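Note sheet for the following structure.
The values are calculated or read from the model by the stated rules, or taken from the named source; none is laboratory data. Predicted model only: the values in this text are computed from it and were never measured. Methodologically, a virtual Cβ is constructed for each residue, glycine included, from the backbone with ideal geometry; neighbour enumeration extends over all protein chains shown. Side chains included, ligands, DNA and RNA excluded: accessible areas come from the protein's heavy atoms. Shrake-Rupley method; radii C 1.70, N 1.55, O 1.52, S 1.80 Å.
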Amino acid sequence: MAEHLASIFGTEKDRVNCPFYFKIGACRHGDRCSRLHNRPTISPTLLLSNMYQRPDMITPGVDPQGQPLDPSKIQDHFEDFYEDIFEELNKFGEIESLNVCDNLADHMIGNVYVLFKEEDHANAALQALQGRFYSGRPIIADFSPVTDFREATCRQYEENSCNRGGYCNFMHVKQISRELRRKLFGRYRRSYRRGSRSRSRSRSISPRRKRERERERGDVRDRDRDRDRHGNGKRSSDRSERHDRDGGGRRRHGSPVVREGSEERRARIEQWNRERDEGV
């Protein structure tokens, strides 16, 4: 029974826990929902409810005075807000993801989800945001159960094919430009590369790698020794042998030549003469 309940937790088959709150951290029924909203006591993700106030909130593409808005100005307004929130939250720790909903339903409009790398960073940010205001409105922050935004976002919206519009129950995440993303999140990649280089310089060679290097050097010495024995070494020894000996087979270099005395030379010559006369 316990395995069955664990397998259906947070799904449509779960009649106890709200699947939408589990997936997106919000529910259109709010406190009136017939299922439980299990609020986490600690999480790496914070939800800042209804924080982003888009300039065309009343009517898409139109300002409160009824004047049409340039889409580029709407995007600039959003990116200014995005950068401002990122820089403020980045003070508490590394941010892995920062998503702002483009939905129009009351329980999702302007929701900001920030996923920190560590739960302690999210907790520090939550404590610091209590009682603060942004653009004259109080910040409502809480831990969110959402840690995997792939299950929370609307795939049809990413493909520009969602027929529910802004009232879809899944996240319609507003996108920022590549330049802004590179500017904000690129700092983590640069710091990681610098940290990797410094760690690689200071890291000592492991005993296993040291043994492998010594074994490689030993193999090279063995190959050189075999090559000298069977290949180039033999020719070099032949050359040295020829260099050490002259035409008569006497060594010119190497061990010193012992000179004979005059009496020994005369006795040797007389012996040669006798042997020659006897032969004749």
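Numbers for the structure displayed
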read-out: Of all residues in region 39-55 being in contact with a strand residue (DSSP E or B) (Cβ under 6 Å, 6 or more places away or on another chain) and part of a loop (DSSP other than H, G, I, E, B), the one that is farthest from K174 (Cα to Cα); value: P40
read-out: Checklist (1) touching a residue at least 40 places away in the same chain (Cβ under 8 Å); (2) within 18 Å of S49 (Cβ to Cβ) applied to G131, failing item; value: (1)
read-out: Scan of region 134-145 for residues that are open to solvent by 30 Å² or more (accessible area, probe 1.4 Å), within 20 Å of Y21 (Cα to Cα) and in a strand (DSSP E or B), ordered by number; value: D142
read-out: Residue match in region 90-111 (condition: part of a helix (DSSP H, G or I), among the β-branched types (V, I, T) and within 27 Å of C162 (Cβ to Cβ)); value: no
read-out: Filter result for D102 (at pLDDT below 95, buried (at least 19 other Cβ atoms within 10 Å of the Cβ) and under 19 Å from R54 (Cβ atoms)); value: yes
read-out: Looking only at region 1-37, and only at residues there that are at pLDDT below 85 and polar (S, T, N, Q), the one that is farthest from the chain's Cα centre (by Cα); value: N17
read-out: Matching residues in region 106-133 - criterion: being surrounded by fewer than 17 Cβ atoms within 10 Å (Cβ to Cβ) and within 20 Å of K174 (Cα to Cα); value: D106
read-out: Selection from region 146-155 of residues that are touching a residue at least 60 places away in the same chain (Cβ under 8 Å) and either open to solvent by 30 Å² or more (accessible area, probe 1.4 Å) or part of a strand (DSSP E or B) (or both); value: T147, E151
read-out: Test for T59: is it under 29 Å from Q127 (Cα atoms) and open to solvent by 30 Å² or more (accessible area, probe 1.4 Å); value: no
read-out: Cβ-Cβ under 7 Å pairs, at least 6 apart or on other chains, region 68-95 side within 17 Å of G186 (Cβ to Cβ), far side surrounded by fewer than 14 Cβ atoms within 10 Å (Cβ to Cβ) and among the hydroxyl-bearing types (S, T, Y); value: E79/S177
read-out: Output for region 164-190, where each listed residue is assigned to a loop (DSSP other than H, G, I, E, B) and modelled with pLDDT of 90 or more; value: C168, F170, H172, K174, Q175, I176, S177
